[in-house]
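K.L.:
Pasting in a structure now, in structure tokens, and then I'll have a few things to ask.
The values are calculated or read from the model by the stated rules, or taken from the named source; none is laboratory data. Small disclaimer: the values here were computed from a predicted structure and weren't measured. Neighbour counts are summed over all protein chains in view; Cβ atoms, including those assigned to glycine, are modelled from backbone coordinates with ideal geometry. Calculation scope for accessible area: heavy atoms of the full protein, side chains included, ligands and nucleic acids excluded. Shrake-Rupley method; radii C 1.70, N 1.55, O 1.52, S 1.80 Å.
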Amino acid sequence: LADDELAVAYFSAGDPRFLQPKFDEIFYMGVKAAEVGSLGSEPAIRITYNAKKVSFKRVLGNFWRSCDPTSVAQFGDPGPTIIWVAGEDERKVAEESRRRLQLSTQYSSPTFGPSFKGRPIQTEIRALEGEWTPAPDADQSWYQKDEKAYEKLRKKTGRTKWFEEAFKPVTVT
């Protein structure tokens with residue numbers, strides 16, 4: 001791929017090792033790499049993707065489904081959820097996406113809603129800053145390398161239960 005076809009997105013939401021599986025799920029769409037590390041002093045994940053195949057908006061959608069955007073800490077991990085934006089175009093997409101997600105917390109119908117039990121979206125949108133530092137190899141794809149430890153910690157921190165409840169299918173009779 002030409003360098004101009006590759007784009008990079010950064011997100012923070014507690015331990016970035018728990019974000020990685022959701023991005024690995026969309027490799028077939030054009031995501032080339034999901035790498036954990038830190039951006040400045042914030043733990044983060046760096047997503048490298050083919051911008052001609054998958055949009056920033058779609059990558060951002062995966063971020064929303066990989067964290068609790070209503071919490072300032074992620075399942076015991078300190079630090080806010082952050083969408084790091086590299087320019088005005090990304091900022092506009094991120095702000096509109098956050099606005100729509102916030103609206104979903106206020107909507108309710110006879111069959112579902114409101115999203116996230118009506119709690120407000122706490123995710124920050126920040127200008128991209130700080131130097132990227134990759135985590136050690138042992139932390140990259142940790143959920144695949146040590147599945148038992150990953151599942152145990154996911155359950156212990158409450159992530160498993162939260163995601164099951166937050167994203168359970170809507171049934172309509």
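K.L.:
Per residue, how many Å² of accessible area does region 75-151 show with a 1.4 Å probe?
P.N.:
Per-residue accessible area for region 75-151 comes out at 63 Å².
K.L.:
Net charge within 11 Å of Gln74 by Cβ-Cβ distance, Lys/Arg positive one each and Asp/Glu negative one each, not counting Gln74 itself?
P.N.:
-2
K.L.:
Just to be sure I understand the curve: with the Debye formula and one point per C-alpha of the chain, what is log10 I(q)/I(0) at q = 0.14, 0.19 Å⁻¹?
P.N.:
The Debye formula, applied to the Cα set alone, gives -0.77, -1.38.
K.L.:
Quick one: among Ile45, Ile82, Ile26, which has the greatest mean-square fluctuation in a GNM of the chain with alpha-carbon springs under 10 angstrom?
P.N.:
With Cα springs under 10 Å in the chain, the top fluctuation among Ile45, Ile82, Ile26 is at Ile26.
K.L.:
I've got another one for you. Answer with one residue from Leu128, Gly76, Ala9: the one whose Cα lies farthest towards the positive end of the charge dipole of the chain, charges on Cβ with Lys, Arg +1 and Asp, Glu -1.
P.N.:
Value: Gly76.
K.L.:
On to the next question. Mean-square fluctuation check for the chain, GNM, Cα pairs under 10 Å: which of Ala13, Ala44, Ala135 is largest?
P.N.:
Its mean-square fluctuation being the largest, the pick is Ala135.
K.L.:
Springs between alpha-carbon atoms under 10 Å, Gaussian network over the chain: tell me which of Leu60, Leu101, Leu19 tops the mean-square fluctuations.
P.N.:
It is Leu101.
K.L.:
Another question about this same structure. With a 1.4 Å probe and all protein chains left in place, how much of the accessible area of the chain comes from carbon and sulfur atoms, in whole percent?
P.N.:
So the carbon and sulfur contribution to the accessible surface is 52 percent.
K.L.:
Once you mark the chymotrypsin sites (Phe, Trp or Tyr not before Pro) that are in a DSSP loop and have at most 11 other Cβ atoms within 10 Å, what is the longest gap between them in the chain?
P.N.:
In the chain, the maximal stretch lacking such sites is 1-106.
K.L.:
If the viscosity is 0.692 mPa s and the temperature 37 °C, what translational diffusion coefficient in µm²/s does Stokes-Einstein give for region 36-118 when Rh comes from Kirkwood over Cα pairs?
P.N.:
228
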